[in-house]
Every structure is written in structure tokens, then in C-alpha cells.
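Report on the following structure.
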There are 2 protein chains.
Amino acid sequence: MKSYTVSELLSQHITPNSEVEIKGWVRTFRANRFIALNDGSTLNNIQCVVDFENFDEALLKRITTGAAIHIKGDLVESQGKGQSVEIQANFVDVLGDSDPETYPIQPKKHSFEFLRENAHLRTRTNTFSAVMRLRSALSFAIHKYFNENGFYYMHAPIITGSDAEGAGEMFRVTSLDSKKPPLNEAGEVDYSKDFFGKETNLTVSGQLEAETYAMSLGKVYTFGPTFRAENSNTSRHLAEFWMIEPEVAFMDLPGNMDLAEDFMKSVIKYVLENNKEDLEFLDKRLQDEDKKKPQAERSPMTLIEKLKFVTDNNFKRVSYTEAIDILRNSKPNKKKKFKYIIDEWGADLQSEHERYLVEKHFNCPVILFDYPANIKAFYMRLNDDGKTVRAMDILFPGIGEIVGGAQREERLDVLKEKMAAINIPEEELWWYLDLRKFGTAVHSGFGLGFERLVMFATGMSNIRDVIPFPRTPQNAEF
Amino acid sequence: MKSYTVSELLSQHITPNSEVEIKGWVRTFRANRFIALNDGSTLNNIQCVVDFENFDEALLKRITTGAAIHIKGDLVESQGKGQSVEIQANFVDVLGDSDPETYPIQPKKHSFEFLRENAHLRTRTNTFSAVMRLRSALSFAIHKYFNENGFYYMHAPIITGSDAEGAGEMFRVTSLDSKKPPLNEAGEVDYSKDFFGKETNLTVSGQLEAETYAMSLGKVYTFGPTFRAENSNTSRHLAEFWMIEPEVAFMDLPGNMDLAEDFMKSVIKYVLENNKEDLEFLDKRLQDEDKKKPQAERSPMTLIEKLKFVTDNNFKRVSYTEAIDILRNSKPNKKKKFKYIIDEWGADLQSEHERYLVEKHFNCPVILFDYPANIKAFYMRLNDDGKTVRAMDILFPGIGEIVGGAQREERLDVLKEKMAAINIPEEELWWYLDLRKFGTAVHSGFGLGFERLVMFATGMSNIRDVIPFPRTPQNAEF
């Protein structure tokens, strides 16, 4: 007798009336007869029919929600509706009980907050198993895309001795005695006695290191964890999150836009094609949620419509300057409907402005480029106008910015000036400057916060619900 | 005119005599005529022929090793030997100079130590570009294998509030003032004031969290960074390294062995098929190195032979007890050639013993299983004999242990006893115990240190040479 997963049993590649064997967890047990069994391989359950007269009553009592069971029987066409096949069980064994009095995941609606507290069990629900299967599929789609397009995956370091990236507050990594750290003659903590012989932190970005690899291997990308020690207790921030950062030698900003657009479309297409069931489930979940909201707050697009909005539209490319003009003259700006009124060039755009451009004005994904230098990072390529940089942000419906990228400053003298202006010592980034000393060239890349992508693709509205074990202020459980 | 990579130009899919365009870095410039150009897309260079009479002398002087250049010309069949095609250049531009007086990477043999100090430039050499392309290919092969076999990728947390895993010394992650941390009433550091409201560390393994996902999604794997704050300044240890940890519900130890063997063979087959040039280069490099050694120290197998030794042999499965018998009666043990003499059951095996079993006794990869409980981790499934656990180690030629795995203890009472015996409080791992309370089942998994695999597949003997920016005691540069 062969052992199968639920996904295999439902795939219709198995001859009906075969003897089959399966192990999984009970989702529900109805009428002392119908077990809905799930093993995580798919959103769907397989129905196992037990003829209760043939089984011990004590055994049947142990078939409770969450119990692990082992079933043998015949795969037959289902009599009932809702499934094509079912198992007519002739052997049932309980591998692991699940006490209905204490098992937290009952077949009813649990709040997401409750499930966050039970993050070790929450993938036993439909919503979270669908989200995490999609997270996995998106990861694979990303690796597949880059592999097929000649990129090399590079692991940027997690512990970094440099704090010059300036992307945000960093966590310190240390082995020093926490209570009485060694002090130097000046009375300061003596990091030369720490594990790495200097002060070290958790990385905020692998980009600068990725640039060193782009300038030798040509096309590279990182996909790894990054960190921010910022006390942002919001539904959009994590202290630990994963980032994707491609970097390409000899590529300019328009090339960067082409790459980013093709990449985003490709990974979203992948899940539309490969994760239909999970997406349809999440789409319906979201529509049901929406129905409870007042009309004005409902989403103008369903989840799947939003994904197709990305794959089926060309991304409109608009300069920052143009966008400011559009926003300044827009209805919500004039009628002061925006929380932040746009009155002059140089303003940093908020999510409300980005969404207006995407959802109201252009009605397609938008790439803004050539941002004011002083609201962007030091390593971005200065334009000839001396006031804008070759930066780009990609804006999506529902969330605003999802990708941020730039052509990098490849000119040694300009880069040094920009570093000096914000007090980054050259010794800190001697190796980064070396790239401009030896065989420098135009190069570009972008960063995508992976959890933002997972939120977009699953319709989940809290970032804590798209990563297995979220790290946020006051929370590092599990 | 179309722009190509070197890999594309050499692939012979391009019609000879086409006009082509390419950007890359000069490896060498011979006889004021032959540029060997590399762009990282392949180990190989494309030869670009410049007719020096048609170019400005000042320009030609700038074509130095490491310079970034832009070439246009005709792709023609090569007159010389060593390459099938070459570019007859009619346009040459220097994008970024490389001063031969100061550029560290000259066309000569550099010591690996020197290149470690220039880790930001070392992928501009053949050896390191080959190693890092292989590292990337191995990563992809891993994701591909798991994706094709129904596994979900899960990102285990990097920052952990639990220090119960016991796999080694941990790095502390903190935002507290390093000099004057807040103290509680007892005069100890008050971690409740730290970012996460408790003491946190960098993870040493994602296994326990992966188990929570296996017990809901069925088959999962992690592939992420892990850390050890151990002062091991050896060629085999890193403070930061990447680990792969699959975990499967309803799988016992023999199933775990099947999975691990199939997995290892599959990823190595992938690079044998997809990275021929890089492997052949590294194979030759190793043979050249070997020739300089005394006969006794030379490797009995070349690099590619070693890889095929893994893909072409069945892995021999031997119990720890059997292995101890074999070792006890072996020549090197009797003649005291082993550094550590095996005299009784219970001894922890060293690399010399593992290699003896693989290279001398069985002449194939070996899986040892059923180890003494007291030399293995608390979470491993205790056998009925009460003294061994369902652990397994996979042993490879040249290195010994490469994979360590186990069937996990699924029985709540036994697990609690084992935790109590080594003073892990139940509150620390309440969530891990929950997996045994609710729907517990047999499950298994293993761990593979990614850098060990890269060392094996590239023949590099120092682990610092197979990760982009190694983190070791006293070193967190870049």
C-alpha cells in the first residue's frame, strides 16, 4: 500500500479504488463518520469516511480536531459534494491526541492577535497555511527568476563592522560582559576586547557588499535577513525582515526599471499560476472582510485583481518633478483631503500620494524617478542638475512604495564629497571606495522588502502575519 | 548592435561575423593587441583584438588589468588557439581606469591570505569567481530540490529569545546602553528595558522552529544564517554561517536517511551538470597544489572524482555500535596511528575515524546511526534500549561528517525528562512541548552546514574562502 500526501490524492493522478495510506491532522470530525484530514501539502482536506460500526468507540472519541492520525483505505469517488474523491477508511490509528479542552486551534474563527500568540500553531489554520505556502512560493519564484536570468546569489554578511549605511538604527552584536564591560583608558567601552575586536551590529542592508560582487561577477542578488532597531510598533514594521537586493554592473537607471518591472511581474505571475487555490481562498477571505466595512473603506480591487493589475499593465514611468506637479494640482490636494498637503518640490511622498498616483491618476503601477538628492541615500548617482539623483521607487496599489532602487554613484570624487557632507569617514568604507578606484562603471540595483511583497500577494494587512515568528518591540517569543 | 555577456558570446548561439557590444574588466592586455576580457558571467574570457594602429596611444595605455572597458566590434572565428571566437574591436572606451601601481589584483598568484584581506576584490580572480558561482549554483540546487519535492521554505527567526537549544555559545543582540546598562533591583542588567523586553541572542539553529512548521505544513526546510560565539580560530569554523535544515512530519529515521542521501546526490549532480567549467578549473587547481605536496599527503581522489564518489555510490548505513567495532579492530587503531584511540563504546568519533570508515573501510559515503544518547542533543528520539538515540551522521571523503540529523523525540513525557536532566525549564520551550501535546507524531530532519558543502564541492580547504565576507574571532571587516 502506498503512502500519499493529500495534495497527491486530490491531484487525480491516482487510479480510483486503489488502496491508499495517509497521515495527517484532523480538521473536523462530523457525524461520527466524516473526517476532514489535512497534512499541509495543500489548503484542501481529504475526506475520510469511517463506518463507525466497525471501529472501537474509544478510538473514535480520540478523533478530535488537531489529532494526528493514520488512515488506510480505498480511494473512491465521493458520494457527497465538495470533493471529487474520498477515502473509505478500513484502518484508523491515532498517532497523537489533541485534547479538545486545551487545544487552542478550534474549528472556529480566531482573532489574528490570538493566533500571533500561538504562532507555533497558527499554520494549522487555513489562512496561515495559505500565507506561508505563498511566502515559500514567492521565495522560490525569486530564486528561479534570478537563476534563469544569469544572476548569482550572494550571501551578504549579517554581522557588520560598519555602521555607515545610514539606513536606520542598528542592533549591537556583542559577547562582552553586559553588566561590567571592559573600559579603555578614556573610560569608554573597549570594543577591541569584544569578539570581533570592534563594535559590530546587525546589517540594515546587503547592498554595499552586493556592489562589490556586481563589480566582479556582473549580475548578483542578495536575499537575506536585515534588521532595524526602531521602536515602530506599526502594522508595517518589523525589527527583523528579509530583503532582496539585486545589483548589476553596466546597468543604468532605465535598465534598472526594466529589470524591476520584469522581475515583479514574473514572481507574481508565478504564484498566480502555481498557487491558485491558496490565492482564491485568501481572495475570498478578503472579500468577506470587506463586506463588513462601510462602502468607502472597501477595497476597489479584489486580491487577484490587484495581482493582475501588476502583471497586465505596463508600469508608468514618471519623474518625481512631474509627479509633484500632478499631486499639487490634484483634487485631494486642493480640497485638503490629503493628510500631508503637497505644496512644493522637495517634499517626501507619503503612501497616500503614491496610492493616488497609482489608483486614481494613472491607474497602473508607477515608477517614480529622479528624486531630490537630499531625501535619498548618499550612494545614489547625482544627476547633472546637481539637485536630483538617479533614484527610482515602484508604487503599487493598496500599499504605495514596494521597491526602491537607484543607479549608484560611480565617480570617486563625487562619492567622496557626498560622504564627507554627511560625515562618513573614508576609512569606514575604504573597500566601497575601492570599487570606484579600480575599474569603476555605471551600475544599479534595487531593494525589495520581502514581507511587503508577501503582504501584497496575500492581502494580509499586518506584517506580523506574513513572517513565521515576527520580531517587534517587546516581542521575541519562540 | 546588441550587447552580450561573455558567456553568451562563447555559447556559440551567436552567428559569427555579427556586430556585437560588450562591457567587462580587463584581465590581461598582451602585445598591445590582445585583451582578455571578463565580466563574471563565466570563468572564461573573451579575446578582443585591437589593431593598435587604429587607436589612440593614450587610450591603449589605459587598458590595464582591472580597468572597466566597453568594446564594439565583429565576432569572428579566432585565428589563435585557446578560443573558438574573438572580437575584432573597432571601438574601445575605458569606463573606469585601474592604476597598475596600486590595483591589488595583478595577473599573478596571490596568497589566499592576501585575498582575504581584499575580500571585496577577490572575486575578480578565477579561483574566487569559480567558488562563488558554485556557491550560488549549490544554493539554487537546494531550493530547486526542495521545491520539486513538495517542501515549503520557512524563514526561521534570526534573533531568538530562547537560549535553550544548547548548540553552542551565542551572541547577544541588544539596544541597551553598552556602558551603563539599566539595572534591576537585584543589581543585574534589566533586560526588560531592552528592545525586545528580554535578553535576546542570535540563533544557533532554526530546527526547533522548523519543527513547528513541519507539524502543520508537513515538509519544510530552512536555509538561513546561524551563529556561534566560539573562539575557534580554525580553517573549519565561522562565527556566522548558513545552514539548511529540512524537517518532515511522519518521517522516521530510515526515511530521513533516504531523504538526505537523495538530497545530497541531487545537489552535487546539479553542479556536475551545470558548472562543468568552474569545477574543471578548481579540479586542476587542486591537482597542481597536490603535486607540490609529499606523496603521502596527496589526495587519493581529484575534486571531480570525490563528487562522483558521492553521486555514484550508495551510502552505506552502519550503526554506531558496528562502527566502533570496526574502528576498534582497525589497523590504525591497533598501531596507534589515530590521534584519538577508540577503546570503548561511547566515544565521540573524530574526523580521522569518520574518514577511515569512508575512505578505507567501506569505500563509499557512510551513514552512521543510533548514537549514544549522552553525546547527542536532548531532542533526539530515545531508542528502546534506553541508551542510544535515533541520530544519524553522514560521512564524506576528505572531511568526515557533513550532515547531522535525527528522528525527534515525539513523546511528551520522555522529552520532559530529557529537558529536566539538562536543566532546560519547561517555560523556556513551552511552544516546543505543545507540539507533543497536540497531535504529536514521528518526525525527523537534518542539518547541513552550507559552507561545509561548498568546501566539499569546490575543494577549498579554508572555510573563510567559501563565504563572501567571513566572520571570525577578531574579524568583521567589510
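The values are calculated or read from the model by the stated rules, or taken from the named source; none is laboratory data. Here the structure is a predicted model, which means the values were calculated and not measured. Positions of Cβ are backbone-derived with ideal geometry, glycine not excepted, and every protein chain shown enters the neighbour counts. The accessibility values were calculated without ligands, DNA or RNA, using every heavy atom of the protein model including side chains. Shrake-Rupley method; radii C 1.70, N 1.55, O 1.52, S 1.80 Å.
The table that follows gives values for the structure above.
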quantity: Kirkwood hydrodynamic radius over Cα pairs of region A:89-214, then Stokes diffusion coefficient at 37 °C and 0.692 mPa s, in µm²/s; calculated: 163
quantity: Euclidean distance of C-alpha centroids, region A:353-382 and region A:74-110, integer Å; calculated: 51
quantity: Span from the region A:10-35 Cα centroid across to the region B:184-247 one, whole angstrom; calculated: 38
quantity: Chain A Cβ-axis minimum, rotational copy B, residue and distance in Å; calculated: A:His143, 2
quantity: For chain A, the spread of Cα positions along each principal axis, largest first, Å; calculated: 85, 61, 43
quantity: Selection of GluC sites (Glu not before Pro), region B:348-428, meeting DSSP coil and at most 16 other Cβ within 10 Å; calculated: B:Glu426, B:Glu427, B:Glu428
quantity: Binned Cα-Cα distance frequencies in region A:421-478 - 10 Å width, integer %; calculated: 17, 24, 19, 29, 11
quantity: Volume per residue that the Cα convex hull of region A:3-103 spans, once the total is divided by residue count, Å³; calculated: 94
quantity: Projected-area mean, the protein assembly as shown, by convex hull of Cα positions, square nanometres; calculated: 44.8
quantity: Surface share of carbon and sulfur [accessible, 1.4 angstrom probe, percent] for region B:3-103; calculated: 44
quantity: Debye intensity ratio I(q)/I(0), log10, region A:316-430, q values 0.15 Å⁻¹ (C-alpha model); calculated: -0.68
quantity: Residues in region A:448-478 that, when all protein chains are in place, have 40 Å² or more less accessible area than the chain alone would give (probe 1.4 Å); calculated: A:Pro468, A:Phe469, A:Arg471, A:Gln474, A:Ala476, A:Glu477, A:Phe478
quantity: Dipole-positive endmost among B:Asn333, B:Thr311, B:Leu382 within region B:260-386 (Cβ charges, Cα centre); calculated: B:Asn333
quantity: Whole-number accessible area per residue in Å² for region B:317-363, which is evaluated in the context of all protein chains at 1.4 Å; calculated: 61
quantity: Within the accessible area of region B:323-478 (1.4 Å probe), percent carbon and sulfur; calculated: 45
quantity: Relative contact order %, region B:3-103, counting alpha carbon pairs below 8 Å whose residues are six or more apart; calculated: 28
quantity: Region A:209-340: relative contact order as a whole-number percent, Cα under 8 Å and 6+ apart; calculated: 17
quantity: Rounded to 5, percent antiparallel among DSSP beta bridges of chain A; calculated: 85
quantity: Relative contact order computed over chain B (Cα-Cα under 8 Å; 6+ residues apart), in percent; calculated: 13
quantity: Selection from B:Ile63, B:Ser98, B:Ser41 lying farthest towards where the dipole of region B:37-110 points positive, charges on Cβ; calculated: B:Ser41
quantity: Which of A:Ile22, A:Asn423, B:Leu115, positive extreme of dipole for the protein assembly as shown (C-beta unit charges); calculated: A:Ile22
quantity: Student exercise, chain A dipole from Lys, Arg, Asp, Glu Cβ charges, in Debye to nearest 20; calculated: 1460
quantity: Shielding of A:416-428 by partner chains, average beta-carbon count, 10 Å; calculated: 0
quantity: Over 31 Å between alpha carbons, listed pairs B:Lys306/B:Lys334; A:Lys2/A:Lys81; A:Lys2/B:Lys316; A:Lys276/B:Lys2; B:Lys284/B:Lys336; A:Lys291/B:Lys144; calculated: A:Lys276/B:Lys2; B:Lys284/B:Lys336; A:Lys291/B:Lys144
quantity: Given charges at beta-carbon only (K, R positive; D, E negative), |dipole| of region A:3-103 in Debye; calculated: 300
quantity: Average accessible surface area per residue within region A:132-239, 1.4 Å rolling probe, Å²; calculated: 31
quantity: Heavy-atom surface of region A:3-103, accessible at 1.4 Å and reported per residue (Å²); calculated: 48
quantity: Calculated label separations, B:Glu169, copies of the chain, 7 Å along the beta-carbon direction, nm; calculated: 2.9
quantity: Magnitude of the charge dipole, region B:210-275, Cβ model with Lys/Arg +1 and Asp/Glu -1, debye to 20; calculated: 200
quantity: At q = 0.12 Å⁻¹, base-10 log of I(q)/I(0) for region A:74-154 (Debye sum, equal scatterers on each alpha carbon); calculated: -0.69
quantity: Area buried, chain B against chain A - accessible surface, total, 1.4 angstrom probe, square angstrom; calculated: 8700
